[in-house]
Amino acid sequence: GIVPKVRAVLVEEAPIIDGELDDPVWEKAEVVTDLTQVEPRMGAPPSFPTEIRILTDGNTLFISFRAHDPEPDKIVVNRMARSDMFFYDDNFNINLDTFHDHRSGSFFQINPVGGRRDGTFEGDLFEENWDGIWFARATIDEKGWRGEVAIPFKTLGFVEGQDVWGMNLSRRVRRFNEDNRWADPTIERLSVNMAQAGELHGMAVARTGVGLDVVPSMSVGGLHDEYKNRDKLNIEPSFDAFYRVL
């Protein structure tokens, strides 16, 4: 099949990760809308549209999505804890093959109230003990639900200067047991199988960063805006220290 491609548009001002989607900077992004149903009717159009936007400031990957749903009161969300199993909730998923080796990568999942789950994978083998530093907020509204995600590059391994990463994006509508996927919409492969993933361009600007970060380990979202010196953090009492030297 045709490999879908999208560019992470380089911006100077980072969006605030509050789940509101109201930062004007999002208007600069390309819009991904071409998801395809994998289950229950493989190849069919999704029941509801999804709009996804991707930006970067060179330090962080920013992804926002608008998950349309005409009956938001029927959105399924039961779980909130970090690394909880959101398979039984509506959810949105990001899979990044940062080395573009079509084998391995990192997995990020968010549910409609901002619950987060993450992991790393190789082939179809999933390692859930990895807890990367990233931020997300999501809210249910009259149009369905919406979310914003920030993944600092220092939490990922990648080759600096490489412009193309592998990526897949997917959305689950739980009440229909419906799975919609951006790339490789086939039931024969899981979305974490990056063999036929889409391409995320514009990543040559990504910088790995070196240093020690101390962040809330159970934060459901947050981001420091260097340009306006604002903080958006939901702080819980425990902390993770994270050090990356590569």
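The values are calculated or read from the model by the stated rules, or taken from the named source; none is laboratory data. Here the structure is a predicted model, which means the values were calculated and not measured. Reconstructed Cβ throughout: ideal geometry from the backbone, glycine too, with neighbour counts over all protein chains shown. Each accessible area value is taken on the protein alone, full model and side chains, heavy atoms only, with ligands, DNA and RNA left out. Shrake-Rupley method; radii C 1.70, N 1.55, O 1.52, S 1.80 Å.
Report, by residue number, each residue of region 27-43 that is hydrophobic (A, V, I, L, M, F, W, C) and open to solvent by less than 10 Å² (accessible area, probe 1.4 Å).
Val32, Val38
Would you pick out the residues in region 13-29 that are in contact with a Pro (Cβ under 8 Å, 6 or more places away or on another chain) and either outside any loop (DSSP other than H, G, I, E, B) or at positive phi (or both)?
Val25, Trp26
Among the residues in region 166-175, are any out of contact with any strand residue (DSSP E or B) (no Cβ under 6 Å at 6 or more places or on another chain), hydrophobic (A, V, I, L, M, F, W, C), at pLDDT 85 or above and assigned to a helix (DSSP H, G or I)?
Looking through region 166-175, none of the residues is out of contact with any strand residue (DSSP E or B) (no Cβ under 6 Å at 6 or more places or on another chain), hydrophobic (A, V, I, L, M, F, W, C), at pLDDT 85 or above and assigned to a helix (DSSP H, G or I).
Given Glu188, Glu160, Glu199, which one is more than 13 Å from the chain's Cα centre (by Cα) and without any contact (Cβ under 8 Å) to a residue 12 or more places away in the chain?
Answer to the check: Glu188.
What single numbered condition from (1) of a type in the set (D, E, K, R); (2) open to solvent by 10 Å² or more (accessible area, probe 1.4 Å); (3) closer than 22 Å to Leu200 by Cβ fails to hold for Asp118?
(2) is the only condition that Asp118 fails.
Quick check: is even one residue across region 75-91 under 22 Å from Ile16 (Cβ atoms) and at pLDDT below 95?
Looking through region 75-91, at least one residue is under 22 Å from Ile16 (Cβ atoms) and at pLDDT below 95.
Just to verify a result, which residue in region 30-42, among those that are without any contact (Cβ under 8 Å) to a residue 40 or more places away in the chain and either among the polar types (S, T, N, Q) or not in a loop (DSSP other than H, G, I, E, B) (or both), is farthest from Ala67 (Cα to Cα)?
Val31
Could you tell me which of the residues Gly147, Gly132, Gly123 is of a type outside the set (Phe, Trp, Tyr) and within 30 Å of Pro70 (Cα to Cα)?
Among Gly147, Gly132, Gly123, only Gly147 is of a type outside the set (Phe, Trp, Tyr) and within 30 Å of Pro70 (Cα to Cα).
Listed here are the residues, each with its yes/no results for (1) of a type in the set (A, V, I, L, M, F, W, C); (2) closer than 27 Å to Val11 by Cα; (3) part of a helix (DSSP H, G or I).
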| site | (1), (2), (3) |
| --- | --- |
| Glu51 | no, yes, no |
| Ile94 | yes, yes, no |
| Phe99 | yes, yes, no |
| His102 | no, no, no |
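Which count do you get for residues in region 124-165 that are in a helix (DSSP H, G or I) and either among the basic types (Lys, Arg) or at pLDDT 95 or above (or both)?
2
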